[in-house]
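Laboratory data are not the source of any read-out in this text; all were calculated from the coordinates shown. For clarity, every value in this text was computed on a predicted model and none was experimentally measured. Glycine also receives a Cβ, built like all others from the backbone with ideal geometry; neighbour counts cover every protein chain displayed.
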Amino acid sequence: MNWRIKGCIQGVLSRLPAGARLNSLLQSLLGGRTDEARHIDLKFRADWLTLMSMLQRQKFGVRDRVLMEIGTGWLPVLPLCFALAGARQVHSYDLHRHLIPRAASTVLRQLEPQLSELAQACGQPLSEVVSRHAWLSAATDGQGILQRAGIEYHAPADASCTGLAAGAVDLVFSNSVLEHVTKSQLAALMNESARLLSDGGLVLHSVNCGDHYAYFDRSITPIHYLRFTTRQWRRWNNELLFQNRLRPRDFTAAAEGAGLRVVSQKRTLRQDLLENLPHTPIAPEFQHYSADELCTTSVTFVAQAGDSS
């Protein structure tokens, strides 16, 4: 689909009272969630395993920890993976209510073949992970699964103003969420995360900082949206697929601005984009970034309290 058509459709839907619900239905029927099993598998392999590898490098175990997720979405794959890894509780926040409890049953069923890999990733005995999976699966419905897993879904709710006690959370995490918030919202989320962290707690964010329209239109690149000025981009940006176009250093700078210290990060620098950059139009707002910053399409980073040793 041409990216302009996608932008126009979502722009119209974003202005309708039931537009978000209709957009969700279209995604299920025609978009990225048509093959639910494949989507869950990708969330496990491409997303959760990446997050766990970052935590393993920090020697951070999730067993008996309290976690907070920013941006649940439609399928609770990440919270359930962390629950299977032994997390005691997961507070998950969405600005809009997307999650339907019965989806938990689907996710749990699809994760069963991955239990061995999940156990290896979190460094726990397979028997324990299998036991947790069996106990969760014994719940009579999706809501029961979420309750047994200690997953508390907050929606509609603002993750930058949780109401949770200071120091109540051991890990704040998100995946492909921070690229969809404004710069001021990003700062607020980081400030709240810093307030919530317990001693030794971490924040862990994986950010997709490439043009999401490129997933629908293969004729454009992941940095296509950087050619537009702020004024021009307003025409194509919309509430259903808001993209802030921030670069990797902006996200880590937001964490540091909240008093957090970035201790590890992993970036995806696209060499093909780098090679073609001299021939790629870049709007004046982005010309102060280095070539590497412009052509990096994802960043995953870990941060902790700034005064931690």
Discussion item. Quick check: pseudo-label points 7 Å beyond the Cα along Cα→Cβ at Ala168 and Ala155, how many nm apart are they?
Written reply: 2.0 nm
Discussion item. Which of Ala37, Ala187, Ala254 ends up with the largest GNM mean-square fluctuation for the chain, with Cα atoms connected below 10 Å?
Written reply: Ala37
Worksheet item: At a Förster distance of 45 Å, what's the computed FRET efficiency of Val12 paired with Gln56, Cβ-Cβ distance as r, to 0.05?
Response: 0.50
Worksheet item: Hey, any idea what the orientation-averaged projected area of the convex hull of the chain's Cα atoms comes to, in nm²?
Response: 15.9 nm²
Discussion item. Please report the antiparallel percentage of DSSP beta bridges with both residues in the chain, rounded to the nearest 5.
Written reply: 45 percent
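Pull out a ≥ b ≥ c, the square roots of the eigenvalues of the alpha-carbon gyration tensor of the range 132-186, then state rounded if a/c is under 1.5, prolate if not and a/b is larger than b/c, and oblate in the remaining case. Don't skip to the answer; put the middle values down first.
Working: a/c = 2.49, a/b = 2.02, b/c = 1.23.
Prolate shape, in that a/c is at least 1.5 and a/b is the bigger ratio.
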Worksheet item: With the chain treated as a Gaussian network of Cα nodes joined by springs under 10 Å, which of Arg234, Arg148, Arg65 yields the largest mean-square fluctuation?
Response: Arg234
Worksheet entry | Nearest-20 debye value, the range 243-298 charge dipole, Cβ charges on Lys, Arg, Asp, Glu | 220 debye
Worksheet, complete the sentence: Between Asp141 and Glu112, the two model label points (7 Å from Cα along the beta-carbon direction) sit apart by a distance in nm of 2.1 nm
Worksheet entry | Label point distance in nm, Thr229-Glu256, each placed 7 Å from Cα along Cα→Cβ | 3.0 nm
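Please express the shape of the range 35-157 as an equivalent ellipsoid: the semi-axes are the square roots of 5 times the eigenvalues of the C-alpha gyration tensor, given largest first in whole angstrom.
Working: eigenvalues 80, 53, 41 Å².
The equivalent ellipsoid of the range 35-157 has semi-axes of 20, 16, 14 Å.
Given C-alpha coordinates of the range 188-241, what is the ratio Rg to Rh with the Kirkwood estimate of Rh?
With Rh from the inverse mean 1/r over Cα pairs, Rg/Rh is 1.16.
Evaluate 2.2 N^0.38 Å with N set to the residue count of the range 42-96, then give the Cα radius of gyration divided by it. Could the numbers behind the result be given before it?
Values: Rg = 11.1 Å, N = 55, 2.2 N^0.38 = 10.1 Å.
For the range 42-96, the normalised Cα radius of gyration comes out at 1.10.
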Discussion item. Restricting to Cα pairs below 8 Å that are 6+ residues apart, what does the relative contact order work out to for the chain? Please round to a whole percent.
Written reply: 19 percent
Worksheet item: Can you give me the relative contact order of the range 35-157 as a percent, contacts being Cα pairs under 8 Å and 6 or more apart?
Response: 30 percent
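Calculate the FRET efficiency for Ser131 and Ala37 from the Cβ-Cβ distance with a Förster distance of 25 Å, rounded to the nearest 0.05. Let's see the in-between values first.
Working: r = 24 Å, r/R0 = 0.96.
With R0 = 25 Å, the Cβ-Cβ based efficiency is 0.55.
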Fill in: Summed residue charge, Cβ within 9 Å of Trp3's Cβ, Lys/Arg positive, Asp/Glu negative
0
Fill in: Per-pair calculated FRET efficiency, R0 = 41 Å: Gln271 and Arg4 via Cβ, rounded to 0.05
0.90
Discussion item. Just to confirm a number: summing +1 for Lys and Arg and -1 for Asp and Glu over residues other than His91 whose beta-carbon lies under 9 angstrom from that of His91, what do you get?
Written reply: -2
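How much net charge surrounds Gly150 when only other residues with a Cβ under 14 Å from its Cβ are counted (Lys, Arg +1; Asp, Glu -1)?
Details: positive: Arg63, Arg65, Arg88, Arg132, Arg148; negative: Asp64, Glu69, Glu152, Asp170.
Summing Lys and Arg as +1 and Asp and Glu as -1 gives +1.
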Worksheet, complete the sentence: In a Gaussian network model of the chain with springs linking alpha carbons closer than 10 Å, the residue among Tyr213, Tyr93, Tyr289 that fluctuates most is Tyr289
Worksheet entry | Segment Ala291-His96, length gained on full extension (0.36 nm per residue, minus Cα span) | 66.6 nm
Item to complete: Apply the Debye scattering formula to the range 160-220, with a single equal point scatterer on each alpha-carbon and no solvent, then give log10 I(q)/I(0) at q = 0.16, 0.29 Å⁻¹.
Response: -0.58, -1.22
